[in-house]
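Worksheet for the structure shown next.
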Amino acid sequence: MLISLVIAVAVTILAVFFASYNLTVVQVNFFGHPVQGSLGLFLVIALGLGALLGVLLMLPSVISRCWAVMFHKSKIQYLEHVVLSSQCRQDFP
């Protein structure tokens, strides 16, 4: 988790430096509407949208993994209870 945070901060700092050195004004057609802005700004926006899309695409697998972990933890607790109760029965004939 800490490594992911460090990598995210490093990528953000690099993107800001990259944007500050690419101040060339370009025109982009966004669904038929011309938009003017700096090249660095458009590239940082594209980087952010790519990261957001990656996170959204990972969500289903993360959620299913969390559900599986919760299910297995509850099953482990139940089986531990069963084992302990069967051991108690063996101790007292």
Open item on the list: Per DSSP helix of 4 or more residues, -39500 (n - 2.57); summed, then divided by the residues of the chain. What does that give at 222 nm, rounded to the nearest 500?
Closed with: -29000 deg cm²/dmol
TODO: Could you state the angle between the C-alpha long axis of helix 2-21 and the longest principal axis of the C-alpha atoms of the chain, as a value from 0 to 90 degrees rounded to the nearest 10?
DONE: 10 degrees
Task: Rounded percent of accessible protein surface that carbon and sulfur make up, the chain, 1.4 Å probe - done: 76 percent
TODO: For the stretch 1-76, report the translational diffusion coefficient in µm²/s to the nearest whole number, using Stokes-Einstein at 37 °C, 0.692 mPa s, and a Kirkwood Rh over Cα pairs.
DONE: 213 µm²/s
Open item on the list: On C-alpha positions alone, give me the angle between the axis of helix 39-91 and the longest principal axis of the chain, in degrees, nearest 10.
Closed with: 0 degrees
Open item on the list: Starting from 0.36 nm per residue, how many nanometres of slack lie between L2 and A15 once their C-alpha separation is accounted for?
Closed with: 2.7 nm
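Please compute the per residue accessible area over the chain with all protein chains in place, 1.4 Å probe, rounded to a whole number of Å².
Value returned for the chain: 90 Å² of accessible area per residue.
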Open item on the list: Under a crude label model (7 Å from the Cα following the beta-carbon direction), how far is Q27 from L47 in nanometres?
Closed with: 2.7 nm
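The values are calculated or read from the model by the stated rules, or taken from the named source; none is laboratory data. In this text, all values refer to a predicted model and were calculated from it rather than measured experimentally. Glycine gets a Cβ as well: all are built from the backbone with ideal geometry, and neighbour counts include every protein chain shown. Accessible surface is based on the protein model in full, side chains and every heavy atom, while ligands, DNA and RNA are left aside. Shrake-Rupley method; radii C 1.70, N 1.55, O 1.52, S 1.80 Å.
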